[in-house]
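Bear in mind that the values in this text are calculations on the coordinates, not laboratory data. What you see is a predicted model, and the numbers here were worked out from it, not measured in a lab. Glycine also receives a Cβ, built like all others from the backbone with ideal geometry; neighbour counts cover every protein chain displayed.
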Amino acid sequence: EAGLSTREREELSSIEVLVALLVLESERERSAAFRAAKRTRVPLWLCVNVDRDGVLSLPGEQTDPIIADRAVLAPLASGTQTFSSVAAEDEYRSRNPLPPKDAGWPEFWTYVAEMFSSLFGGDP
């Protein structure tokens, strides 16, 4: 709310946030994988709204509320370890369209969990 007027703060009912489902970090700081990655990775981000009570909801105007981090998807020119591929993401999305905007949070979460499992294996 910093930088907003008192009136703007009072009228603000929700904000857009990015939610990381899972943060990938190297197991050992001295490992070659750590030196290659040099930072944590987040394979999937969710663009959602959060209201003043902390309730999450889907954004109404955004067409795709899921962002896949291409830095963890093959092919990469750097040779850095990847966890899935761009082709796998494209195939999943083409075969499994997003639920309708009015479907609600449970259906959206189910879609995200299935997408994560399909691309990366396991549950988020």
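Taken over the stretch 95-106, the criterion of being assigned to a helix (DSSP H, G or I) and farther than 14 Å from Ile66 by Cα is satisfied by Arg95, Asp102, Ala103, Pro106.
Considering (1) out of contact with any helix residue (DSSP H, G or I) (no Cβ under 7 Å at 6 or more places or on another chain); (2) loosely packed, with under 14 Cβ neighbours inside 10 Å, the lone condition that Ser57 does not fulfil carries the number (1). Ala88 passes every criterion in (1) outside any loop (DSSP other than H, G, I, E, B); (2) over 15 Å from the mean Cα position of the chain (by Cα); (3) exposed (fewer than 14 other Cβ atoms within 10 Å of the Cβ) apart from (3).
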